[in-house]
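Student: Handing you this structure, nothing more for now.
The numbers here are math on the coordinates, done by the rules we state, and not lab data. None of the values given here were measured: they were computed from a predicted structure. Cβ placement follows ideal geometry from the backbone for every residue including glycine, while neighbour counts extend to all protein chains displayed.
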Amino acid sequence: MKRPILFAAILFSLLLPLGAAYAFEVKVDNSIHLNKEEIADGNIYANCQDMTIDGTVNGDVIALCQKIIINGVVEGDVIAFGKVIEINGEVKGNTRLAGPQITINGTVGHNVNVLGNDIKFNKNSLIKWDALVAGVNGTFDGSIDGNLHGLISVASISGKIGKNINLSIDDSNSTTDNNLVITKEAVIAGSINYTATKDLKLENASSVAGQINKQTKENKTNPLAWLWIVFYKLSSLILITLVLISLKKELLEKITNKINNKWWQSLLIGLAILFFTPLLIILLALTVVGIPLALIVLAAYLSAIILATVLSSYYLGKLALKKLLSPKKINIYGAAILGLTIFTLLSVIPLVGPAISCLAIVIGLGSLFLIIKDKQND
C-alpha cells in the first residue's frame, strides 16, 4: 500500500483547496527523478529519500523527502518538507518549504514561505511577490519584488528588496555585535522595520530609500509567536494522523459512528479517564514497586490524549466537509486535515482554546474506550 504523504497540509498550506485536481501521481520510492524531457500532467505527491525534478510539472508538487531538488518548471505550487531543499528552476505559483537547509537559486512566481535552520536566497534567486521566513540563519542575496517578513536570529541582506523589510530578530542570547546586516550591495526600495535588542549594521546609508525603524522586544509582542505555536501543533498532529490512517484507517470511521451514537456516554467516560487517571498514577508512584507501572500508565495516558485529539478532530472535519461541500463520499485525508486545522486554530484562542482542547480530548478518550470495550466483547 502506498503511504500517504499529505504532511504538506500543515500551516504553510492551510489555504490549499480541498478539491485538488483529479490528475495526480503518487510516488513512493527511495529515489524519484523526473527527467528533463518528461512532463507530469497534474499534481505530484512524493514520499522518498531523494527527489529531483528536471522536467515540467503541470500542477503542484507536494513532497516529504530527505533531499528535494527542483531544477525544472513547476506550473503550480511547491509544498515541501525535507532535510535539504533546493529550488534551482522555476515555480510559477507559491512555494512553502520546511527543513534544516533550504536554498533558492531560481524563480518563484508568487509568495515564498520558509521555515528552516539555514535559509539562503542566493544571488540568482527571484521572488516576485513576498517572502515570509522563520529560522536561525538567513542570507538574502537575490531579489524580492515584494516584502521580506519574518522571525530570524541572524540575517544578512545583500540583494534587492522591492518594498519593505519587516523582521523580528532573536538576538537576546547572541554573542555577535550585529545580527541584522545590510551590506553595501543591498538595494531596499522601502523601509526597514525591525524588532531587536541590538542595532542593525548598515554598510551604506543610501541602500535604504525609506526609513529605518527599530523597536525593542520589551515594547512589542512578537507577531510570529502565534504562527510558531500553530505550526508545531498542527504539523505534529497531522504527522500522527497520517501514521494512524496508514495503520488503522477503520478506527476513524468507528470513532465517527461512536461519537454520533453515544456522545453523552463518551463525554462522561472521557471525563472520568481524564481526571482519575492522574490520581491513579500518583498513587502508584507513591509505592516503590508501583513506580515502573506508574511510568507505563503515564506513557499510555499521554498517548491516549494525543490520539483522542486526532480522533475528535477527524470527526469535526468530517462534519465540516458535509456542511460545506455536501460530497457524496468523504475524503478521509481532506476530513482529517480540515478537522485538525480547525481544531488547532480554535485551540490557540485565549480562554476559549483550553476549553475546546479539553472537550476534544474528553470525547475522544470516551469514544476510544467504548471501541476498545466493544472489541473485547467481540
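Student: With charges set only on the Cβ (+1 for Lys and Arg, -1 for Asp and Glu), what does the dipole of region 226-377 come to about its Cα centre, in debye to the nearest 20?
Tutor: Approximately 540 debye in magnitude.
Student: If you bin every alpha carbon distance in region 6-220 into 10 Å steps from zero, what whole percent lands in each bin?
Tutor: 9, 35, 31, 17, 8, 0
Student: Among 158, 181, 134, pick out the residue whose Cα is farthest towards the positive end of the charge dipole of region 6-220, where Lys and Arg carry +1 and Asp and Glu carry -1 on C-beta, about the Cα centre.
Tutor: The listed residue farthest towards the positive side: 181.
Student: Additional query: Which of the listed residues, 56, 73, 169, is farthest toward the dipole's positive end in region 6-220, when Lys, Arg count +1 and Asp, Glu count -1 at the beta-carbon?
Tutor: 169
Student: Further question on the same structure: Within region 114-221, which chymotrypsin sites (Phe, Trp or Tyr not before Pro) sit in a loop by DSSP and count at most 16 neighbouring Cβ atoms inside 10 Å?
Tutor: 129
Student: What list do you get for 340, 242 if you sort them by fewest beta carbons within 10 Å?
Tutor: 242, 340
Student: Cα atoms only: what Rg and Dmax, in Å, come out for region 226-377?
Tutor: Cα only, region 226-377: 16.3, 57 Å (Rg, Dmax).
Student: My understanding is that a pair violates if its Cα-Cα distance is over 21 Å; which of 83/201; 163/198; 123/198; 258/329 do that in this structure?
Tutor: Result: 83/201; 163/198; 123/198 exceed 21 Å.
Student: Let me spell out the model: positive unit charges on the Cβ of Lys and Arg, negative unit charges on the Cβ of Asp and Glu, origin at the Cα centre of region 6-220. What dipole size does that give, in debye rounded to 20?
Tutor: 640 debye
Student: Related question: Taking K and R as +1 and D and E as -1, what net charge do the other residues with C-beta under 11 Å from the C-beta of residue 203 add up to?
Tutor: Values: positive: 184, 201; negative: 185.
Within the 11 Å Cβ shell, the charges total +1.
Student: Under 17 Å Cα to Cα from residue 67, which aspartates and glutamates show up? Leave out anything in the same chain fewer than 8 places away.
Tutor: By straight Cα distance, residue 67 reaches 29, 50, 54, 86, 118.
Student: 5 Å is the cut-off here: which amide hydrogens, built 1.01 Å from N in the peptide plane, fall below it relative to residue 168, excluding neighbours closer than 5 in sequence?
Tutor: When sequence neighbours closer than 5 places are left aside, the close amide H contacts are 150, 151, 152, 195.
Student: When a footprinting reagent is the concern and you count Cβ atoms within 10 Å, what order do 107, 175 take, fewest first?
Tutor: With the fewest neighbours first, 107, 175 line up as 175, 107.
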